[in-house]
Amino acid sequence: MKKYASAPAYPYVIWMLIFIIVPLLLVVWYGLFKVENGNIQFTLEYFARFFEPVYIQVFIRSILLAVISTAICLLIGYPLAYILAGSTFKNKSVLLFLAIVPMWMNFLLRTYAWLTILEKNGIFNQVLRFLNLPDQNLLYTPYAVILGMVYNYLPFMIIPIYNALEKMDHSLVEAAADLGANKRKVFRKIIFPLSLPGVVSGITMTFMPAVTTFVISKLLGGGQSTLIGDVIENQFKVSNDWNFGSALSLVLMIIILLSMRIMTKYEEENAGGGLL
Amino acid sequence: MKKFFALLLVLTLTFSICACSGSTTPTADKPLAGTTLKVFNWGEYIDEDVISMFEEETGITVVYDTFETNEDMYTKIKASGDNSYDVCFPSDYMIKRMIDEDMLAEIDFSNVPNYKYIDQKYLKQVFDPEDKFSVPYMWGTVGLVVNTDLVAEKIDSWQVLWDPKYEKQILGLDSERDAVGLTLKALGYSLNSRDEAELEEAKQALIKQKPNILAYVGDQVKDKMINEEAAIAMLWSGDGIALKMEDPKFEYVIPKEGSNFWIDSVVILKNTQNKAGAEAFINFLCRPDIALKNVEYICYATPNTAAYEQLPDEIKNDKTAYPGEDVLSKCEIFENLADSDILQTYSKIWTEVLSQ
């Protein structure tokens, strides 16, 4: 850190120490050490418990649901960001604003709203009945959980991609077109590669909260699609097994770190800007 | 004119200072005036008028917070240390755990004369055998609430939860202790079982039950039942009786195999800054008119004999609200299991059931 920059950074350094470093050390402490008869001992027994089939199964489900919802976010979010960025509509900030507005409402409230939409006698089924279509059992299924994730995290995908597309140098697109590339080729060779940094941070920003969530799966999954976040929450709140809960959190952190590492590596190879 | 306003202002200020000091200095009839009492209770578990009445009568300022589960309460008190709360309302097994961990203060019963109204039936329980630390506040059971519009047959057993007729029609409780414990009860075992084989059997039964379960929920049960999202739900007696009062199509049943019988008590935390105030508060809660006010608001069952006597006959004689000895003898209190590793087994079973 350069000297002139250090003084204004102190508040954040202190903030980081208190709210990030110390809690992280506590998690490591609970996950890796145990106190027996006054002796502090290094132990891997909490980690070993993670490898029991039931927890592996929950873990795989968490990652699967998070991957699916991130993919859906990308499929919906990219075209939307592309349209927004390329839009000649003079009030395109209004469009972006509309995409972000749901985030201003409380997260829990938004998820509760889905409860009343999806439940058996909810709005969705009433519309189906009005159209003489058979009822659908949507609430308390993994689909409802995915829907909740996509709905809640979509803005996190749109914004970074939109920003990347906005900042792109349009003369490159014009040059490519001048040199005879058709629209599809321009997109494939110029626009998409240039937007990759946005895509990468969009993926990270949707995948991370999706893989760790416990509220969405609890409310929309009705305890039927337990995710790793629920298991961790339970260790702290009900079983009072802080050691195992910390070990699970550590495993989760390692997986997220690894996946982010792979993502950034991929990005560097493609000569994009750095996220990490 | 300006002077008049200035005078008015001065007068108002003087009066407000007097008014404040009137309630903050201890007097002969309000010896604890000016002190604060921090109370930690379940959500919707007191008639809030009672708090302002207490403040008015004693001059004590009450800081009132609520929690959702025993475990939440325990974790919060543990985490906030010395200066968390003065009074809280744990359930049976949690009281035992708090006594074991030296978190509670012995109550000086000479300051709680209204204690005499508490029915002997609810004293000398396993969690506090000498009644040193806790005063029963409410009690109740866990059972099934049935929407009789949707369920034609008469329900009297936990077995209905496994009846394939009710596919996706049942709401379970999202609480591992209740879910596992009551399944043990349905299988004819103790709900405090520490036997691995019995617990394994309970796990298999819960997994077998899953096709019938619409969801495992917490505080949304009442709303879901009113909206007819499900036909049968597992829940606590007070909620069951509240539903029944809202609409007579609901019935609350304590299954014949027996169930969980629980007591929520008032306790004083060891690190209290205002023990006298806490005892005054407990005494106030035991006063018949206050206990009556609370039980009418909460709908659970009161252990206060004088308050019970004043209840309307239809509630007093309601066997689901105040089950007789024949039913209660089959019900068990949850014991504290936190003293062993068995809670880990409960937690693992629950995770396995949920992740099926």
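The values are calculated or read from the model by the stated rules, or taken from the named source; none is laboratory data. Predicted, not measured: the structure shown is a model, and the values here were computed from it. For neighbour counting, all protein chains shown are included, and Cβ atoms are generated from backbone atoms with ideal geometry for every residue, glycine included. Heads up: the accessible areas ignore ligands, DNA and RNA and are worked out on the full protein's heavy atoms, side chains in. Shrake-Rupley method; radii C 1.70, N 1.55, O 1.52, S 1.80 Å.
Given the structure, is B:Ser52 at pLDDT 90 or above, open to solvent by 80 Å² or more (accessible area, probe 1.4 Å) and not in a loop (DSSP other than H, G, I, E, B)? Spell out the reasoning first.
Values: at pLDDT 90 or above: yes; open to solvent by 80 Å² or more (accessible area, probe 1.4 Å): no; not in a loop (DSSP other than H, G, I, E, B): yes.
Against the criterion (at pLDDT 90 or above, open to solvent by 80 Å² or more (accessible area, probe 1.4 Å) and not in a loop (DSSP other than H, G, I, E, B)), B:Ser52 does not qualify.
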How many residues are surrounded by fewer than 21 Cβ atoms within 10 Å (Cβ to Cβ) and assigned to a loop (DSSP other than H, G, I, E, B) when one looks only at the stretch B:254-281? 6
Residues located in the stretch B:214-253, provided they are within 12 Å of another protein chain (Cβ to nearest Cβ), outside any strand (DSSP E or B) and either of a type in the set (D, E, K, R) or over 23 Å from the mean Cα position of the chain (by Cα) (or both): B:Asp219, B:Asp223, B:Lys224, B:Asn227, B:Glu228, B:Glu229, B:Ala230, B:Ala231
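Kindly establish whether A:Tyr140 is in a loop (DSSP other than H, G, I, E, B), crowded, with 20+ Cβ neighbours inside 10 Å and in the same structural domain as A:Ile63 (by TED's automatic domain parsing).
In short, yes.
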Here is a list of conditions, (1) in a helix (DSSP H, G or I); (2) crowded, with 19+ Cβ neighbours inside 10 Å, and A:Leu258 meets all of them except one; can you say which number that is? (2)
Do any helices (runs of 4 or more DSSP H) entirely within the stretch A:154-230 hold 3 or more residues that are in contact (Cβ under 8 Å) with a residue 40 or more places away in the chain and more than 14 Å from chain B (Cβ to nearest Cβ), and if so, which? A:192-212
Looking at (1) at the interface with chain A (Cβ under 10 Å from one of its Cβ atoms); (2) assigned to a helix (DSSP H, G or I); (3) closer than 16 Å to A:Asn137 by Cα, which one does B:Pro211 not meet, given that it meets all the others? (1)
Helices (runs of 4 or more DSSP H) lying entirely in the stretch B:300-356 (those with 1 or more residues that are more than 14 Å from chain A (Cβ to nearest Cβ)): B:305-309, B:313-316, B:325-328
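Let's see how each residue does on (1) touching a Pro at 6+ places or on another chain (Cβ under 9 Å); (2) under 18 Å from B:Glu228 (Cβ atoms):
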{"residue": "A:Met103", "(1), (2)": "yes, no"}
{"residue": "A:Leu109", "(1), (2)": "no, no"}
{"residue": "A:Leu118", "(1), (2)": "no, yes"}
{"residue": "A:Asn121", "(1), (2)": "no, yes"}
{"residue": "A:Tyr143", "(1), (2)": "no, no"}
{"residue": "A:Tyr151", "(1), (2)": "yes, no"}
Give the stretch A:97-117 a look and list any residue that's over 24 Å from A:Asn137 (Cβ atoms) and either touching a residue at least 24 places away in the same chain (Cβ under 8 Å) or β-branched (Val, Ile, Thr) (or both), or say none. A:Ala99, A:Ile100, A:Val101, A:Pro102, A:Met103, A:Phe107
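So that you can scan it fast, the table gives a plain yes or no per residue for (1) farther than 24 Å from A:Phe156 by Cβ; (2) surrounded by 11 or more Cβ atoms within 10 Å (Cβ to Cβ); (3) within 14 Å of another protein chain (Cβ to nearest Cβ):
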position: A:Pro23; (1), (2), (3): no, no, yes
position: A:Gly31; (1), (2), (3): yes, yes, no
position: A:Val35; (1), (2), (3): yes, no, no
position: A:Asn39; (1), (2), (3): yes, no, no
position: A:Phe47; (1), (2), (3): yes, yes, no
position: A:Val54; (1), (2), (3): yes, yes, yes
position: A:Ser62; (1), (2), (3): no, yes, yes
position: A:Leu65; (1), (2), (3): no, yes, yes
position: A:Ala71; (1), (2), (3): no, yes, no
Tally time: how many residues in the stretch B:240-253 are surrounded by fewer than 21 Cβ atoms within 10 Å (Cβ to Cβ) and in contact with a strand residue (DSSP E or B) (Cβ under 8 Å, 6 or more places away or on another chain)? 4
Within the stretch B:316-356, track down each residue that is among the β-branched types (Val, Ile, Thr) and over 19 Å from the mean Cα position of the chain (by Cα). B:Val327, B:Ile342, B:Thr345, B:Ile349, B:Thr351, B:Val353
What tally of residues in the stretch B:189-208 results from selecting those that are open to solvent by 20 Å² or more (accessible area, probe 1.4 Å), hydrophobic (A, V, I, L, M, F, W, C) and within 14 Å of chain A (Cβ to nearest Cβ)? 1
